[in-house]
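Notes follow once the structure below has been shown.
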Amino acid sequence: MSSIIKFTEENLSHRIPVLYKVGSSFSEAIASGAVEVAQDINAKAIVVFTEFASTTKVLSKLRPSMPVIAFSIKEKTYRKLSLFWGIIPMWNKNFSLEEIEKTLKNLGIASSSDKIVIVSGQSNTIKLHRIG
């Protein structure tokens with residue numbers, strides 16, 4: 001079964017239509033915008049800071065082609081994030097930009113000069129960043 005899932009995700013996931021229709025909430029608008037911008041700039045990842053996982057849940061439903069790494073300081077939210085499709089959850093108290101870059105490099109997701117999109121659902125912001 002795992003070989004079927006792996007084959008499908010690696011070879012056919014681009015053919016599976018996203019049936020999620022974005023609504024008018026701030027979380028949905030931010031998530032949709034982040035995915036669109038990430039695709040436009042060819043970003044290696046979307047990084048999201050989340051307290052309650054609402055924006056991250058929408059990102060998961062949108063099924064972006066790049067990895068989504070969700071950082072949370074709440075253990076309860078961290079556990080919830082592990083249930084969302086395509087989300088790599090991180091639980092830590094220190095989320096400096098340097099720590100994020102180090103994490104992305106250690107995971108093999110991004111390297112120096114790669115572009116990423118940073119999202120914060122709490123402040124409704126999208127930031128474009130180049131790894132230093």
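Note down all Cβ pairs under 6 Å where the first residue falls in segment 120-132 and is under 20 Å from Phe52 (Cα atoms), the second is among the small types (Gly, Ala, Ser) and modelled with pLDDT under 90, and they're at least six residues apart or on different chains.
The qualifying pairs are Gly121/Ser27.
Which of the residues belonging to segment 35-92 are among the polar types (S, T, N, Q) and more than 9 Å from the chain's Cα centre (by Cα)?
Gln39, Asn42, Thr50, Ser54, Thr55, Ser65, Ser72, Thr77, Ser82, Asn92
Kindly list the number of the only condition in (1) without any contact (Cβ under 8 Å) to a residue 60 or more places away in the chain; (2) surrounded by 15 or more Cβ atoms within 10 Å (Cβ to Cβ); (3) of a type outside the set (Gly, Ala, Ser); (4) touching a strand residue (DSSP E or B) at 6+ places or on another chain (Cβ under 8 Å) that fails for Val58.
Of the numbered conditions (1) without any contact (Cβ under 8 Å) to a residue 60 or more places away in the chain; (2) surrounded by 15 or more Cβ atoms within 10 Å (Cβ to Cβ); (3) of a type outside the set (Gly, Ala, Ser); (4) touching a strand residue (DSSP E or B) at 6+ places or on another chain (Cβ under 8 Å), the odd one out for Val58 is (4).
Test Ser3 against the criterion of being small (Gly, Ala, Ser), touching a helix residue (DSSP H, G or I) at 6+ places or on another chain (Cβ under 7 Å) and modelled with pLDDT under 95, and give yes or no.
The answer is no for Ser3.
Out of the residues in segment 40-55 that are in contact with a helix residue (DSSP H, G or I) (Cβ under 8 Å, 6 or more places away or on another chain) and of a type in the set (D, E, K, R), which is surrounded by the fewest Cβ atoms within 10 Å (Cβ to Cβ)? Full working, then the answer.
First pass over segment 40-55, keeping only residues in contact with a helix residue (DSSP H, G or I) (Cβ under 8 Å, 6 or more places away or on another chain): 43-48, 50-55.
Applying the additional criterion that residues be of a type in the set (D, E, K, R) yields 44, 51.
Working: Lys44: 17, Glu51: 13.
Filtering segment 40-55 for residues that are in contact with a helix residue (DSSP H, G or I) (Cβ under 8 Å, 6 or more places away or on another chain) and of a type in the set (D, E, K, R), the one surrounded by the fewest Cβ atoms within 10 Å (Cβ to Cβ) comes out as Glu51.
The values are calculated or read from the model by the stated rules, or taken from the named source; none is laboratory data. All figures in this text were calculated on a predicted structure; none of them were measured in a lab. Every residue, glycine as well, gets a Cβ built from its backbone with ideal geometry; the counts of neighbours run over all protein chains shown.
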